[in-house]
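> Okay, handing you the structure first.
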Amino acid sequence: MSTDEWHYLATHVPVLWLVVGPCMVVLLLVGMAWLSSTGWAQRRLSGRRMTRQWPVLAHECGLTLSGWSARTSTRSADVEVVVPYWISTTAHRFGFVARFALLTGQTLEGWQQAGERIAVGWGARRVLIRQDTARSVAVTALMVDPLAQPVPLDTTPLPGLLAVPVGCRDDGSRWVLDLAAVPHWLIVGATGSGKSTLLNALVCSLAPRPVALVGIDFKGGVELAPYAPRLSRLAVDRAEALPLLRALVRLADDRRTLLRERGARSVWDLDDARRPVPVVLVVDEVAELFLDGGTGRAEASEIAGCSSAILRLAQQGRALGIHLVVCGQRVSGDLGRGVTALRAQLSGRVCLRVNDPDTARMCLSDVAIEAVHAAERLDPTRAGLAVVSDAETGWAVARGAAVTLAHARQAAEDTAGLRVPWEQLVPASGHPVAAAGVGGVPELPPHITALLTNAAAEQGAGRG
């Protein structure tokens with residue numbers, strides 16, 4: 001090494017370390033502080049402790065095999081107890097998911113019965129247990145409550161045209177209303193429960209999609225008017241709702257005829273040129289539809305007409321591409337048999353905080369009595385908290401995304417170009433659907449047709 005190189009190292013390296021050294025120390029301290037604040041070290045130590053203590057906890061929860069069964073399954077007379085094997089652990093921001101092998105004779109129900117004791121043993125807020133494979137279960141331990149804070153709307157795209165995110169479930173997963181799987185929904189909630197916020201989230205998620213949105217607002221339009229730029233039609237009282245509902249019934253009849261002529265069972269089985277646009281009808285304050293003020297025969301006839309039409313739409317199912325989202329503060333048997341019949345057709349249920357137990361029972365009693373009890377215990381200080389149930393996933397507690405009215409109004413305005421004109425969606429009375437477009441389907445704007453074609457391809461891929 002030359003004299004100049006020695007001179008350079010002697011004069012510059014110490015100075016360089018005097019500058020870089022403190023910076024590295026600061027970064028190291030900051031990193032250690034961050035790991036401490038996130039609980040990384042504590043979680044790692046807790047995970048090891050849980051693994052070591054698992055044999056004892058499993059035995060206390062009745063999940064082990066002992067005696068003759070254990071010796072038979074292991075072929076060793078020296079083993080007295082067989083413990084379910086802990087296969088793997090996956091951490092997430094709310095806790096972790098542990099997978100366990102099922103022992104001979106064990107069932108998912110047996111593990112679920114031990115769920116509360118496992119939660120206490122692990123110090124978890126809640127434990128959710130589901131089938132993982134035929135020979136294993138997945139145990140989700142929630143160390144942090146995912147619903148403790150207001151939930152932002154997750155706009156990550158989902159497969160399927162009608163699968164829309166609206167919040168977060170109590171296991172930390174996205175709360176998704178899939179109208180393709182569960183075509184009709186009933187949403188009940190008192191003033192201040194978060195029902196309006198949930199509607200905001202639903203509209204924000206549906207607005208960018210090639211669907212026709214139709215509204216009936218028995219509050220005089222106060223609730224749904226901000227979405228007007230995206231709505232094909234908005235009725236604000238029973239007098240306006242009756243012709244709207246009858247027009248949709250005609251639309252359903254025409255679509256049924258189209259399916260029969262084409263030999264198809266669903267609108268999604270039709271080719272692109274003949275596939276009609278999906279329709280989502282949002283009804284708010286549905287109790288007003290059934291309330292009779294005793295003003296005479298005209299009002300009674302109006303109520304009967306609206307009740308019959310909306311029930312017919314609910315009975316059509318998802319095959320015709322017409323879906324209902326029915327909302328209200330109160331839904332109980334004292335409103336008449338029409339409410340009970342309508343509820344039976346709305347298989348998706350969302351029960352936010354309600355003021356009377358009858359509404360909670362009306363919404364959830366045919367789902368599970370535990371769901372009713374959970375709805376009665378919802379924290380009133382957490383707006384948007386709800387018990388949600390459908391035939392696909394059972395019932396769970398969820399929280400609607402915190403979407404403001406201003407955000408929903410902006411979404412409606414930004415997507416106004418996707419609005420399907422009412423005259424194109426439902427031809428006037430006396431004019432058959434076949435006259436409105438090609439192949440018996442009303443003509444739609446080209447950009448909506450293109451979006452619908454792409455969505456149908458995704459829908460078909462998802463079903464496949």
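> Among the residues of region 275-287, is any modelled with pLDDT of 90 or more, assigned to a helix (DSSP H, G or I) and more than 21 Å from Ala412 (Cα to Cα)?
There is no residue in region 275-287 that is modelled with pLDDT of 90 or more, assigned to a helix (DSSP H, G or I) and more than 21 Å from Ala412 (Cα to Cα).
> Of all the residues that make up region 96-119, how many are of a type in the set (Gly, Ala, Ser), in contact with a Lys or Arg (Cβ under 9 Å, 6 or more places away or on another chain) and closer than 17 Å to Tyr85 by Cβ?
Residues meeting the conditions: 1.
> Next question, about the same structure. Scan region 254-273 residue by residue and report those that are over 30 Å from the mean Cα position of the chain (by Cα) and either on the phi < 0 side of the Ramachandran plot or not assigned by TED's automatic domain parsing to the domain that holds Thr197 (or both).
At the first step, the residues of region 254-273 found to be over 30 Å from the mean Cα position of the chain (by Cα) are 254, 257-258, 260-263, 273.
Matches in region 254-273: Asp254, Thr257, Leu258, Arg260, Glu261, Arg262, Ala273.
> Please go through (1) part of a strand (DSSP E or B); (2) crowded, with 22+ Cβ neighbours inside 10 Å; (3) of a type in the set (A, V, I, L, M) for Val203 and return the number of the only condition it doesn't satisfy.
It is condition (1) that Val203 fails.
> Just one of (1) crowded, with 20+ Cβ neighbours inside 10 Å; (2) within 13 Å of Ala58 (Cα to Cα); (3) at pLDDT below 90; (4) among the aliphatic types (A, V, I, L, M) trips up Leu147, so point out which.
Of everything listed in (1) crowded, with 20+ Cβ neighbours inside 10 Å; (2) within 13 Å of Ala58 (Cα to Cα); (3) at pLDDT below 90; (4) among the aliphatic types (A, V, I, L, M), Leu147 misses just condition (2).
> Say whether the condition of being over 25 Å from the mean Cα position of the chain (by Cα), at pLDDT below 90 and not in a strand (DSSP E or B) is met by at least one residue in region 84-99.
No, every residue in region 84-99 fails to be over 25 Å from the mean Cα position of the chain (by Cα), at pLDDT below 90 and not in a strand (DSSP E or B).
> Assess whether Gly105 counts as being over 30 Å from Ala341 (Cα atoms), in a loop (DSSP other than H, G, I, E, B) and assigned by TED's automatic domain parsing to the domain that holds Val277.
Spelling it out, it is not the case that Gly105 is over 30 Å from Ala341 (Cα atoms), in a loop (DSSP other than H, G, I, E, B) and assigned by TED's automatic domain parsing to the domain that holds Val277.
> Okay, moving on. Among the residues of region 206-247, write down those that are surrounded by fewer than 23 Cβ atoms within 10 Å (Cβ to Cβ), over 16 Å from Leu313 (Cβ atoms) and small (Gly, Ala, Ser).
Of everything in region 206-247, those that are surrounded by fewer than 23 Cβ atoms within 10 Å (Cβ to Cβ), over 16 Å from Leu313 (Cβ atoms) and small (Gly, Ala, Ser) turn out to be Gly220, Gly221, Ala225, Ala228, Ala239.
> Quick check, is Ser301 more than 20 Å from Leu162 (Cβ to Cβ), crowded, with 18+ Cβ neighbours inside 10 Å and of a type in the set (S, T, N, Q)? Quick ask: steps written out before the conclusion?
Numbers: more than 20 Å from Leu162 (Cβ to Cβ): yes; crowded, with 18+ Cβ neighbours inside 10 Å: no; of a type in the set (S, T, N, Q): yes.
It is false that Ser301 is more than 20 Å from Leu162 (Cβ to Cβ), crowded, with 18+ Cβ neighbours inside 10 Å and of a type in the set (S, T, N, Q).
> Under 7 Å by Cβ, and 6 or more places apart or on different chains, what pairs join a residue from region 295-315 that is touching a residue at least 24 places away in the same chain (Cβ under 8 Å) with one that is aromatic (Phe, Trp, Tyr)?
Ile303/Phe290; Ser307/Phe290
The values are calculated or read from the model by the stated rules, or taken from the named source; none is laboratory data. On a predicted model such as this, the values are computed, not experimentally measured, just so you know. All Cβ positions, glycine included, derive from the backbone under ideal geometry; neighbour counts span all protein chains shown.
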